[in-house]
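The values are calculated or read from the model by the stated rules, or taken from the named source; none is laboratory data. Keep in mind it's a predicted model, so treat the numbers as computed, not measured. Reconstructed Cβ throughout: ideal geometry from the backbone, glycine too, with neighbour counts over all protein chains shown.
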Amino acid sequence: MVKVKKFVFNEFYENTYILYDSNSKVAAVIDPGCRVDSEKNELTFFIDREKLQVKYLINTHCHLDHVFGNKYVKEKYTPLFYIPEKDLPLLLNAKKQGEAFGVSVEESPSPDGFIDNLENLILGESELKFLYTPGHSPGEFSIYLKDEEILIAGDVLFKEGIGRTDLWGGNYDTLIHSIKTKLLVLPENTLVYSGHGEETTIGYEKKYNPYLT
């Protein structure tokens, strides 16, 4: 059974997630936003306490607030590191992204591979399926766990909101198309973990999201 642990990190209040199998203790760190030592220590404390084996590091997309902790996680745990291929220019220019917001960004390591070339990843006894959902960024993927009815939506879909499209590589029409064709077709009780803010469900967003109704 996969469990989800959420952390809220950095000045952008970004949600970092750890997905882990409760039996095997194999884990994936999703969008590490830990920028300062206290946040890195918080992440490490949980991993150590639960005796997790960090096998994967995944960026759903590569805007700066979701990649702050890439270097730390990669160097400390040596996981396999995957990003969307179309977001590679964002990753390579993470420092420039930081300059635009007046924050420092540690240079990220290079990915070991691209999500685009993966149909899924296996985490313990669970399957992580990747759904291509561009619009907030050129290459963003959402992560769907069918059996657990869990969706890691990155900055695509929020409770009563959607991702910004005025940042690097954003496109409003593309984002709406991604949401309607890839996310709203999922079961309504699918629990949505977004890149910012609180959890929601697909059914709730179909009824109450003003951008989608």
> In this structure, is Pro138 outside any helix (DSSP H, G or I) and either surrounded by fewer than 15 Cβ atoms within 10 Å (Cβ to Cβ) or in contact with a Lys or Arg (Cβ under 8 Å, 6 or more places away or on another chain) (or both)?
Replying inline: yes
Among residues of segment 144-172 being surrounded by fewer than 24 Cβ atoms within 10 Å (Cβ to Cβ) and touching a Phe, Trp or Tyr at 6+ places or on another chain (Cβ under 8 Å), the residue nearest to Lys86 (Cα to Cα) is Thr165
Residue pairs within 7 Å by beta carbon, gap of at least six or interchain, first lying in segment 159-175 and more than 17 Å from Cys62 (Cβ to Cβ) and aliphatic (A, V, I, L, M), second at pLDDT 95 or above and surrounded by 16 or more Cβ atoms within 10 Å (Cβ to Cβ), listed first then second, are Ile162/Leu175; Ile162/Ile179
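Counting only residues that are without any contact (Cβ under 8 Å) to a residue 40 or more places away in the chain and closer than 22 Å to Pro134 by Cα, give me the helices (runs of 4 or more DSSP H) lying completely in segment 18-106 with at least 1 of them. Talk me through it step by step, then tell me what you get.
Numbers: elements: 37-49, 70-77, 88-92, 94-101.
Here the list reads 70-77, 88-92, 94-101.
Is it the case that some residue within segment 128-140 is modelled with pLDDT under 95 and either at positive phi or hydrophobic (A, V, I, L, M, F, W, C) (or both)?
First, the residues of segment 128-140 that are modelled with pLDDT under 95: none.
No - not one qualifying residue is present in segment 128-140.
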With the first residue restricted to segment 182-211 and required to be at positive phi and in contact (Cβ under 8 Å) with a residue 12 or more places away in the chain, and the second required to be part of a loop (DSSP other than H, G, I, E, B) and not β-branched (Val, Ile, Thr), Cβ contacts under 6 Å at 6 or more apart or on different chains are Gly197/Lys159
Checked Asp147, Asp173, Asp116, Asp166 against criteria (of a type in the set (Asp, Glu), modelled with pLDDT under 95 and either closer than 28 Å to Tyr204 by Cβ or not in a loop (DSSP other than H, G, I, E, B) (or both)); the one match is Asp166
Checklist entry - Given the structure, is Gly197 of a type in the set (Gly, Ala, Ser), closer than 27 Å to Lys5 by Cβ, surrounded by 15 or more Cβ atoms within 10 Å (Cβ to Cβ) and at pLDDT 95 or above? => result no
